[in-house]
Amino acid sequence: MRPLIPLALIFAAIPAFAEARNVYDTHFSGKQNSACFIRSYDNAHLAKHPDQLVTSITVSISPLSPGGTTPILNVFTSFRGDSYYYHGAAYCRYAGDALACVLEGDQGTFSLSGRKGRKILLQVGRDGLEFEGANGTHSISGTTGDDRSFLIPSVPSPQCN
């Protein structure tokens, strides 16, 4: 005869599985999240990182995003020597606890993962990212320079509007 497992032990194990959620669930959706992430680099930081081209980066949920299995994110960047903000729409899929994203028009890939303190980590794919805008194009290398990963804090959502 097999020993019976107390029902309380079974239910106690369920929250451990329920907590393993994706960065979209933990950082973008729900009332506690603003779904707005901005990182601006000051002159002191840029002086210490002369190979960094990006002066600011913003990630937010696109108004076109249906949520669910294919979140759409807006990515805005600005670059040294250019005051224009470049935009890319990223189509993402769930990849474990991260998001794997492709910029519209096959302009590159990146991943997003959650970090403590309401931050996200954007890691540029090996092929880099390319942004087009009124002032031409700007590229971010996925293999060289100081623009391969960005730790981006959450900010109040009106800052992304």
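The value obtained for segment 88-161, namely the Cα convex hull volume divided by the number of residues, is 118 Å³ per residue. Across all directions, the shadow cast by the convex hull of segment 18-152 built on its C-alpha atoms averages 8.6 square nanometres. Could you work out the Rg to Rh ratio of segment 60-114, with Rh taken as the Kirkwood radius (inverse of the mean 1/r over all Cα pairs)? Taking Rh as the inverse mean 1/r over Cα pairs, Rg/Rh reads 1.01.
For residue 46, the accessible area of its heavy atoms, probed at 1.4 Å with every protein chain present, is near 10 square angstrom.
The values are calculated or read from the model by the stated rules, or taken from the named source; none is laboratory data. Everything quoted here is computed from the prediction, not taken from an experiment. Surface accessibility is based on the protein's heavy atoms, side chains included, excluding ligands, DNA and RNA. Shrake-Rupley method; radii C 1.70, N 1.55, O 1.52, S 1.80 Å.
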